[in-house]
1. Go through the stretch 103-128 and give me each residue that's surrounded by 13 or more Cβ atoms within 10 Å (Cβ to Cβ) and over 18 Å from GLU29 (Cβ atoms).
2. Which members of the stretch 98-122 meet the condition of being of a type outside the set (Ser, Thr, Tyr), under 16 Å from the mean Cα position of the chain (by Cα) and either at pLDDT below 95 or under 15 Å from ASN70 (Cβ atoms) (or both)?
3. Sort out which residues of the stretch 26-55 are touching a Gly at 6+ places or on another chain (Cβ under 9 Å) and free of Cβ contacts under 8 Å to residues at least 40 places away in the same chain, and write them in order of number.
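The values are calculated or read from the model by the stated rules, or taken from the named source; none is laboratory data. Note that the coordinates shown come from a computational prediction; the quantities given were computed from them, not determined experimentally. All Cβ positions, even for glycine, are placed from backbone atoms using ideal geometry, and neighbour counts span all protein chains on display.
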Amino acid sequence: MKEPEQREDLRNWIGRDRFAELIGIDLVEVRPGWAKATLVIDERHQNGFGMTQGGAVFTLADLAFAAASNSHGIPAVAISVNIFFLKATTSGSILTAEARELSRNPKLAVYQVDVHDQNLERVASFQGMVYRKRPSKGHPSRPNERP
């Protein structure tokens, strides 16, 4: 499979994340080791204080992390994540998560995800590690093998 086709398949696969779809996350771009996703905050995302619920920010960062970590065509699953919430946001804010690869070997990879608002102020800092699985037969990265 050619690289652009593989990236489009990844966008479609990640784009099928039901929870991300439910809360309105848009996966904007995916490149090897990097991904960008956005979320426009509205009343659905507010906590009891009228601020953006931390779970919405986490989900945005997690989706960008998933896209970046799976961008090499090898299935990758999270084994550890951490997030620091740095700034509160409210309805009308436009949040962008950019995930970038810091380190990768055949089994593990580490990513940094920065979440910022429309004024480029950092809202959260997320770090994650994935376990890189051997693709199963029939996976897009193993097109010549049948399941």
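1. Once the filter is applied, which keeps residues that are surrounded by 13 or more Cβ atoms within 10 Å (Cβ to Cβ) and over 18 Å from GLU29 (Cβ atoms), the stretch 103-128 yields ARG104, LEU108, ALA109, VAL110, ASP117, VAL123, ALA124, SER125, GLN127, GLY128.
2. If the condition is that a residue be of a type outside the set (Ser, Thr, Tyr), under 16 Å from the mean Cα position of the chain (by Cα) and either at pLDDT below 95 or under 15 Å from ASN70 (Cβ atoms) (or both), then ALA99, ARG100, GLU101, ALA109, VAL110, VAL113 are the ones that fit.
3. ASP26, ARG44, ASN47
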